[in-house]
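All remarks here apply to the structure that follows.
Bear in mind that the values in this text are calculations on the coordinates, not laboratory data. Model, not experiment: these values are computed from the prediction. All Cβ positions, glycine included, derive from the backbone under ideal geometry; neighbour counts span all protein chains shown.
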Amino acid sequence: TDIISPKEQTVVEKEGYLLKAKIADGGKKLRKNWSTSWIVLVGGKIEFYKESKQPALANLKAGYKPEWVDLCGAQIEWTTEKSSRKNVFQITTISGNEFLLQSDIDFIILDWFHAIKNAIDRLPKE
Ligand code: I3P
């Protein structure tokens, strides 16, 4: 497997807005609740910044701890069954957390799918 340099861990590979819904935590089903999130793919993880009360960029200040997902050993797949929305894919982590991500804009969600899949494929499986 590839060795990931400390430098690479801090390189932002992709960032932008998507709709996000967490549907399971540690294997336990959650009530679906879609919200807009600023998503950052960096260093083998995905960070989710809230966009509710203040602009996401204000949350990027030092010390703010976003919700995040470890992509080591994670799975990514398109799903048409878990939502009535179009362009939805699911990320499932080793720890049993499940997230749906969605955009109405085809090229945006396709770019995200491939970026996350590439990141997962480059990481160790556990
Ligand atoms: C859910 C809400 C979600 C919807 C979900 C509903 O209702 O409307 O947007 O998911 O459908 O149950 P509530 O707000 O009362 O929890 P989609 O938009 O992804 O279809 P589901 O039960 O079929 O997952």
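Please go through the residue pairs Lys65/Lys86; Lys50/Lys125; Lys32/Lys125; Lys28/Lys125 and name each one whose alpha carbons sit more than 25 Å apart in this structure.
Lys65/Lys86; Lys50/Lys125; Lys32/Lys125
In whole Å, what is the distance between the alpha-carbon centres of the range 82-96 and the range 107-126?
When both Cα centres are located, 14 Å separates them.
In the range 61-126, how does Rg compare with the Kirkwood Rh, expressed as the Rg/Rh ratio over alpha carbon atoms?
In the range 61-126, Rg relative to Rh is 1.00.
Tabulate in residue order the Karplus-calculated ³J(HN,Hα) for the range 92-104, using 6.51 cos²θ - 1.76 cosθ + 1.60 with θ = phi - 60°, rounded to whole Hz; enter x for Gly and Pro.
3J(HN,Hα) across the range 92-104, in whole Hz: 10, 8, 4, 7, x, 8, 10, 10, 9, 10, 8, 9, 6.
Once R0 is set to 25 Å, what does the formula 1/(1 + (r/R0)^6) return for the Cβ-Cβ distance between Trp34 and Asp121, expressed as a FRET efficiency to the nearest 0.05?
Efficiency, rounded to the nearest 0.05: 0.35.
Could you list Thr79, Thr93, Thr36 in order of exposure, starting from the residue whose Cβ has the fewest other Cβ atoms within 10 Å? It would help to have the intermediate numbers written out before the result.
On the way: Thr79 10, Thr93 19, Thr36 13.
Fewest-to-most ranking of Thr79, Thr93, Thr36: Thr79, Thr36, Thr93.
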